[in-house]
Amino acid sequence: MLRANLLALCAALLGAVPGSGQAPQAPKGRPAAQAAAVEPVGHSSSLSRRTARLVVDLSDGSQVTISLSGGAVTVNDTRVGSYAAGDPFDRAWRAMLSKAGGLSTPELVFALRSLPTGPLGPNGAEAMAAITGALPQVPKSALAGAPPDVSALVGEHPVSLDSINEIAAQVATNIELARQIADRVRVEGIEGPTASFSVSRMATDIAGLFGTLVALASLGFGALFFVPHRLEIVADTVRRSPIRSFMAGLFAQPLLLPALVTLIIGLVLTIVGILVVPVAIVAFMLAVAAALVGGYLAVARVVGEIYARRRVQNGTYTAGWSAYRYLLYGLIGLLMIWAPVVLLRSIPVAGNILFITALVFTWAMATTGFGATILSKAGGGWRFGATPQRPEISSERLWTSPVPARPTEARRGGV
Amino acid sequence: MIRAPLPALWIVGWSFASAASSPSAAAGVAWLAGAPRPAHAQDFRTTSGSRQRRGESELSARVEFAVGDLRIAPGATGTLYRYELVYDADRFDPIASYHPETHRLRVGVDGRGHGDLSYRNRPHQRLDLNLSPATPVALDLAFGAGTADVELGGLSLTSVKVKAGAAETTVKVSEPNRISCRFLMVEIGAIDFQTEKLGNARCERIEVKGGAANLVLDLTGQWTEGATSEVDIAVGLGSVTLRLPESVGLEADVERFLVNFDRSGLLRRGPNYYSPNWDTAKTRLRINLKAALGDIAVEWAK
């Protein structure tokens, strides 16, 4: 060991490695004689599975780059030795570099120069001699504190990148396992901890909103196709008396359950009617759902018409394409209240505010439509509100023939 | 009372525009998505660096860290900077450069734009950075996703800029800044952002722009004696907790839209709010707060 140190010292002084019979080439850059004149002022190291590289910045602006890569040891791109992966020199070098981030540059250079070369093997000693020869000397007095314990630095296990990668793979496996467990928990209906924000959840919400639009539009188009007059009458009721429709819907909602109970009791009292109680319940639920959805569609129809700034003449049914367009516009308009909720629901406070706002708005619209459905008897009986004032139409305009009409008596030859 | 809805809505728009335009924020969103993906072998590498102080009059430090754990703290006086970076070489390229002529340090990682970041990358990718307390530092920090623990106490700060996407970020100034600081600017996206003793930064101006964030702004600490400092806060969509020092005179101009504002301890005079000691205090803070859709809470500290 002493001999090896002496060899290293000679190498540092002479810039060559004696005794090996094959002196490595002197590294490019600064001659060893100038090494003592400059100071190490900075360093950067890079460790990967294949390469362990150290760059030392010197006070004269030059750099010393030492690299172990592919079995070759290079100093400033000049090959100065060789190593085998995992040999003592490779491990010692990597151990030193793994601690380089915690050392100041003088400490690192001091430690490198103080590294015992005996345990490194002949190749390692030779390479280390060339490395220390390229680095400037650092006296103990240049260190801010106590000199680093070199044997402790090298003796400790270096940070193994392979081990980190193994840990990473293990963590990835554990995360995957956790996801599977979370999926199972979700399936079993237990609420697990959820992230405050999730793109996948947002995408699901957007798809859900779009699906709702498509479903309601389909129902609306069906209503416009099969029962256009009823939808128009309900919509007309909403347009003429929105407040009254809302109030009717508001007060009707608490009466739904008593009405259902009354219906059931009435059927039960008739004895025979007991048989149809299940059917009556289903029919009642369907009727309420139809009234709510139909009313909501009617509101959408009105909103869409307002949006399009088109006014339908009083008393005329608009079952053409414009009615479909109004309905679609209205549905988009009404459902757009949910767009901020879908996008921002993960935000604390604001997300809840938006959700409640959208919920109340939708409830109000549905209630208004529900009330209008009740007031207009589902568009089948009469229209609620004032009778529309129809403009007087001149009798002359009741005829469309360009030929002036002849009185009946004249046609019969009476005139 | 609802005041100035349009600026407030602008804040909301700005928040999302800035969040969407930030690649690091996009990385954060990708990370937050956390969609399960098949595991693959990762290639983590380590790079570190250090430089001795040699009479530098200033240091401009820019940190760009897309995802992972970031720690910034004061280092040894004789060391200008020191960093240690562990990164995933499959997805990121390391950034580490220092120009002795301009005293500019740039450190961090640069994503390769694969856009398939996931949660499992986060725990192992990390950056530890120490800066010299003795050298005046202009710190520019851009941070994407993960966690950031930034301790600026005891440094010599001339200015601080922090941009954070989707992350849990803590900025502490445990000890007073050694010199006076021109400004501290914070732009944050959808994150939990905590601060401690920002008064110790001794900045003439503090500016915080937040997106969808949970923001704790601790304005306690040793403000520059006898000075009046400005604090501009613009936050959309989120909650803001203001931790205010009792020893400093406060004036708050609050513009809010759909925001619950807990003004306990503040007196209203005209359009603004004032602390009881505003007229007598030598050291004063002017707070301009614009917020939309959220919650503002006030806590007092001695």
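The values are calculated or read from the model by the stated rules, or taken from the named source; none is laboratory data. Keep in mind the model is a prediction, meaning the values are calculated, not measured. Virtual Cβ from ideal backbone geometry, glycine too; neighbours counted across all protein chains shown.
Brief remarks on what is shown
- B:ASP295 vs. criteria of a type in the set (Asp, Glu), farther than 20 Å from B:ASN200 by Cβ, in contact with a Leu (Cβ under 9 Å, 6 or more places away or on another chain) and in a strand (DSSP E or B): no
- Inter-residue pairs, beta-carbon under 9 Å, first over 30 Å from A:ALA248 (Cβ atoms) and within 14 Å of another protein chain (Cβ to nearest Cβ) and in the range A:347-368, second surrounded by 15 or more Cβ atoms within 10 Å (Cβ to Cβ) and at pLDDT 90 or above, 6+ apart: none
- Matching residues, the range B:56-72, being within 13 Å of chain A (Cβ to nearest Cβ), buried (at least 19 other Cβ atoms within 10 Å of the Cβ) and either closer than 20 Å to B:THR158 by Cβ or at pLDDT 90 or above (or both): B:LEU59
- Within the set B:ALA138, B:ALA142, the sole residue that is under 27 Å from B:GLN52 (Cβ atoms) and at pLDDT 95 or above turns out to be B:ALA138.
- Leading residue by the ranking (farthest from the chain's Cα centre (by Cα)) among those in the range A:336-368 that are surrounded by 19 or more Cβ atoms within 10 Å (Cβ to Cβ) and modelled with pLDDT of 85 or more: A:THR368
- Scoring A:ALA195 on the criteria (1) modelled with pLDDT under 75; (2) away from chain B (no Cβ under 14 Å); (3) in contact with a helix residue (DSSP H, G or I) (Cβ under 7 Å, 6 or more places away or on another chain) leaves a single failure, condition (2).
- Against the conditions (1) over 19 Å from A:ALA287 (Cβ atoms); (2) of a type outside the set (D, E, K, R); (3) modelled with pLDDT under 85, A:MET247 satisfies every one except (3).
- In the range A:206-229, the residues that are within 28 Å of A:PRO278 (Cβ to Cβ), surrounded by fewer than 19 Cβ atoms within 10 Å (Cβ to Cβ) and touching a residue at least 60 places away in the same chain (Cβ under 8 Å): A:LEU219, A:VAL227
- Test for A:LEU97: is it at pLDDT 85 or above and touching a His at 6+ places or on another chain (Cβ under 7 Å): no
- Selection status of A:LEU120, farther than 17 Å from A:GLU39 by Cβ and either within 14 Å of another protein chain (Cβ to nearest Cβ) or part of a loop (DSSP other than H, G, I, E, B) (or both): no
- Applying the condition of being closer than 25 Å to A:LEU224 by Cα and in contact with a helix residue (DSSP H, G or I) (Cβ under 7 Å, 6 or more places away or on another chain) to the range A:259-295 and asking which residue is surrounded by the most Cβ atoms within 10 Å (Cβ to Cβ) yields A:GLY295.
- Once the range A:123-145 is narrowed to residues that are of a type in the set (A, V, I, L, M) and within 14 Å of chain B (Cβ to nearest Cβ), the residue that is surrounded by the fewest Cβ atoms within 10 Å (Cβ to Cβ) is A:ALA144.
- Assessment of the range B:143-157 against the conditions (over 11 Å from the mean Cα position of the chain (by Cα) and at positive phi) yields at least one matching residue.
- Meets criteria (in contact (Cβ under 8 Å) with a residue 40 or more places away in the chain and either surrounded by fewer than 17 Cβ atoms within 10 Å (Cβ to Cβ) or out of contact with any helix residue (DSSP H, G or I) (no Cβ under 8 Å at 6 or more places or on another chain) (or both)) for B:THR220: no
- Among residues of the range B:259-280 being among the hydrophobic types (A, V, I, L, M, F, W, C) and crowded, with 17+ Cβ neighbours inside 10 Å, the one that is farthest from the other protein chains (Cβ to nearest Cβ) is B:TRP278.
- For the range B:234-246, the criterion of a residue being outside any strand (DSSP E or B), touching a residue at least 24 places away in the same chain (Cβ under 8 Å) and of a type outside the set (D, E, K, R) is satisfied by no position.
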